1. From the list Val196, Val154, pick out the single residue that is more than 20 Å from Arg22 (Cβ to Cβ), touching a residue at least 12 places away in the same chain (Cβ under 8 Å) and not in a helix (DSSP H, G or I).
2. State all residues of segment 163-205 that are out of contact with any strand residue (DSSP E or B) (no Cβ under 7 Å at 6 or more places or on another chain), of a type outside the set (A, V, I, L, M, F, W, C) and within 22 Å of Val39 (Cα to Cα); if no residue qualifies, say none.
3. Please work out if Glu140 is farther than 20 Å from Lys25 by Cβ and either more than 20 Å from the chain's Cα centre (by Cα) or loosely packed, with under 14 Cβ neighbours inside 10 Å (or both).
4. I'd like the residue in segment 206-217 that is under 20 Å from the mean Cα position of the chain (by Cα) and surrounded by 13 or more Cβ atoms within 10 Å (Cβ to Cβ) and, out of all such residues, is nearest to Leu27 (Cα to Cα).
5. Considering only segment 218-232, how many residues are at pLDDT 95 or above and open to solvent by 90 Å² or more (accessible area, probe 1.4 Å)?
6. Which residues, counting only those in segment 19-35, are of a type in the set (A, V, I, L, M, F, W, C) and exposed (fewer than 15 other Cβ atoms within 10 Å of the Cβ)?
7. Considering only segment 8-37, state which residues are part of a strand (DSSP E or B), more than 17 Å from Tyr67 (Cα to Cα) and within 25 Å of the chain's Cα centre (by Cα).
Amino acid sequence: MDQIKDRIEYGSRVMEYAIEYRARKTLGICVHPDGRIEVKAPVEASLEQIRSHVHRRASWIYRQQRYFDSLGIHTPERRYVSGESHLYLGRQYMLRVVDSERNEVHYKGNILEVECRHRRDARTLLLAWYRRRAEIKFGEYAAPLIARFGRYGVQPSGIALKEMATRWGSCTASGQILLNPRLVGAPRICIEYVIVHELCHLVHHNHTKAFYELLAREMPDWQKWKMKLERLMI
């Protein structure tokens with residue numbers, strides 16, 4: 001869908017943002033490394049509701065923009081060549097692409113090595129490897145958390161991977177938890193935060209006071225890990 005532009009005043013600053021209407025239930029805000037602000041809004045949301053939501057999140061938006069500015073550079077586009085730095089479970093690995101008769105990905109020490117017959121296939125091989133690791137690790141991390149939420153009489157209908165541009169996780173109306181495969185780059189505790197967040201939605205569907213009370217009960221320091229996730233996974 002086409003985007004429309006709007007702005008609000010925050011102190012002496014003017015925050016400009018793009019609004020994209022989608023078939024969704026909640027308002028979401030994404031701050032990009034270059035400072036751009038995008039708002040994903042339900043199709044029935046009014047401009048006044050959107051402005052009010054952006055005002056409430058203005059302090060967080062400003063902190064995100066300041067953080068990205070402090071980095072001095074924006075995240076470069078991945079080329080999937082030797083020497084690049086890639087994350088896996090919160091650790092930085094140096095990518096090494098080598099010619100081989102096999103198409104295989106493995107890691108040792110601080111090296112993430114892609115063996116391939118054709119170097120142009122390095123990206124495809126590495127992303128497929130990340131997805132396989134995500135399926136394994138997300139299931140492993142989710143199992144004890146799902147068992148814990150049994151005390152509330154809820155259980156997800158399943159855990160699945162879904163590419164999402166601005167979200168790390170979501171919960172469907174049928175109770176399926178969807179996780180962004182890119183999340184496998186984050187530390188385990190951050191992945192667990194996203195899973196716990198979505199499990200809380202099985203009990204409280206919206207971001208109500210009761211939802212955040214449950215989230216704080218199940219993960220008292222959730223805000224710390226949310227912030228770490230946002231800062232690490234640029």
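The values are calculated or read from the model by the stated rules, or taken from the named source; none is laboratory data. This structure is a prediction, so every number in the text was calculated from the model and none was measured. A quick note on method: Cβ atoms are made from the backbone with ideal geometry, for glycine too, and the neighbour counts reach across all protein chains shown. Areas reflect the complete protein model, heavy atoms only, side chains present, ligands, DNA and RNA absent. Shrake-Rupley method; radii C 1.70, N 1.55, O 1.52, S 1.80 Å.
1. Selected residue: Val154, the only one of Val196, Val154 that is more than 20 Å from Arg22 (Cβ to Cβ), touching a residue at least 12 places away in the same chain (Cβ under 8 Å) and not in a helix (DSSP H, G or I).
2. Matches in segment 163-205: Glu163, Arg182, His205.
3. Answer is yes for this residue.
4. His207
5. Going through segment 218-232 one residue at a time, the tally reaches 1.
6. If the condition is that a residue be of a type in the set (A, V, I, L, M, F, W, C) and exposed (fewer than 15 other Cβ atoms within 10 Å of the Cβ), then Ala23 is the only one that fits.
7. If the condition is that a residue be part of a strand (DSSP E or B), more than 17 Å from Tyr67 (Cα to Cα) and within 25 Å of the chain's Cα centre (by Cα), then Glu16, Tyr17, Ala18, Ile19, Glu20, Tyr21, Arg22, Gly28 are the ones that fit.
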